[in-house]
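Below: the structure, in structure tokens.
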């Protein structure tokens, strides 16, 4: 009797354990610069979606890719356009070039989303963006605020199949509230505390294939609705990652992230995680000479394009000058491409038969710098055209020193101070002199010798004038 009881108890235990349903989020990652075989890929995707109506995919494809797809494979493009808003598809990363967000400026992150969303909606006007999820570790601590402002409701901190670029810390259970440094929170699927690196590997976690071991760890951790994930490289000719129909691994159900979070998961949590930069465990070749060079080139362009925007705003306030939007858009486009994650992870790989990624980054940032300099110069010319002479004001707003035998305030472009002093400044940002210090490194170094406000020390002013 006792033997039968033990057998029945064992059967009941295992039946209960394996009655918990497993879920999986499949999808594609890549693009015209990363990897996207244009001639066949889009047709392959629509055929696979039609063949497997229970399959779901998340799309992380560089937005510019669709320009080429529309031209080279128009029929496949139109078929995918019909499917793009179906329950089988969710767009999860609309950034223009899928950057590692932790190594670029906050303004750049915002523009990556702004330009990327606009490009995708140009092709697929009815697509919305609800969940942020990526294949590469494209994270940074301030993302909750940015995501919320762009209308996102959810985020995912898993990247199980591409950890060689880095991965997030293992934390929590089914859901957490990812809290940014400003206090903004977004409901998030984390890399579970029980989601380990694969044995002998630093480039995959156990969530990449819904293995028996992974699902067992999830259940032991009390995760009621375990979910795995893999965004396949767009160059791979694979359909459903875990198989399909009765052959789907561990009877997993394919979901989009939005569907999983809203209709399957526990839906809410009290677990607030103050996610910091220290929770992003990066794994790039930091310190190598090529990455130092790339970082310098990107940062110079990031600073210069913002200078150009601020200079054009001052010129507009004073002279009604308007820069060519096409120039500004192209300057941002080439900078965003230089921030592509492959710029950092495979800098010596070839790109479109035009040299390496590192070579192309130099060309892209040079283009951004050239366009930004043109906008700065045009902004300056608008002052020259308006003012032929400018007398020294009765009281200068900052200490000044003659430069090259010419008083700095005798330059016509110095009327930029009046533009700033006449504009209304946000509370807490001080006088026009401080704003001007923040605006244009080039203008302030080459026209106004001491750009810092009078409250700054001589050493600070001298250091800034020398470019430090």
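The table below lists the values:
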read-out: Helices (runs of 4 or more DSSP H) wholly inside the range 284-403 that include at least 3 residues being out of contact with any helix residue (DSSP H, G or I) (no Cβ under 8 Å at 6 or more places or on another chain) and either within 30 Å of residue 202 (Cα to Cα) or at pLDDT below 90 (or both); value: 289-319
read-out: Subset of the range 133-145 [within 19 Å of residue 183 (Cα to Cα) and either more than 10 Å from the chain's Cα centre (by Cα) or in a loop (DSSP other than H, G, I, E, B) (or both)]; value: 139, 140, 141, 142, 144, 145
read-out: In the range 42-61, residue farthest from residue 117 (Cα to Cα) [restricted to those that are buried (at least 22 other Cβ atoms within 10 Å of the Cβ) and in contact with a helix residue (DSSP H, G or I) (Cβ under 8 Å, 6 or more places away or on another chain)]; value: 56
read-out: Pairs where the first residue, in the range 231-258, is touching a residue at least 60 places away in the same chain (Cβ under 8 Å) and the second is part of a strand (DSSP E or B) and surrounded by fewer than 18 Cβ atoms within 10 Å (Cβ to Cβ), C-beta under 9 Å, 6+ apart; value: 233/35; 234/35; 235/35
read-out: Unique match (being over 20 Å from residue 153 (Cα atoms), buried (at least 19 other Cβ atoms within 10 Å of the Cβ) and in contact with a strand residue (DSSP E or B) (Cβ under 7 Å, 6 or more places away or on another chain)) among 241, 257; value: 241
read-out: Qualifying residue in the range 161-176 (condition: free of Cβ contacts under 8 Å to residues at least 60 places away in the same chain and under 27 Å from residue 307 (Cβ atoms)); value: no
read-out: Hits in the range 102-123 - residues which are closer than 12 Å to residue 341 by Cβ and surrounded by fewer than 24 Cβ atoms within 10 Å (Cβ to Cβ); value: 102, 103, 104
read-out: Which numbered condition residue 143 fails, given (1) in contact with a helix residue (DSSP H, G or I) (Cβ under 6 Å, 6 or more places away or on another chain); (2) touching a residue at least 40 places away in the same chain (Cβ under 8 Å); (3) within 21 Å of residue 108 (Cβ to Cβ); value: (1)
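Let's see how each residue does on (1) outside any helix (DSSP H, G or I); (2) modelled with pLDDT of 95 or more; (3) under 18 Å from residue 49 (Cα atoms):
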position	(1), (2), (3)
171	yes, yes, no
182	yes, yes, no
188	yes, yes, no
194	yes, yes, no
201	yes, no, no
231	yes, yes, yes
265	yes, yes, no
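The values are calculated or read from the model by the stated rules, or taken from the named source; none is laboratory data. No experiment lies behind these values; they were computed from the predicted model shown. Please note: Cβ atoms are built from the backbone with ideal geometry, for glycine as well, and neighbour counts cover all protein chains shown.
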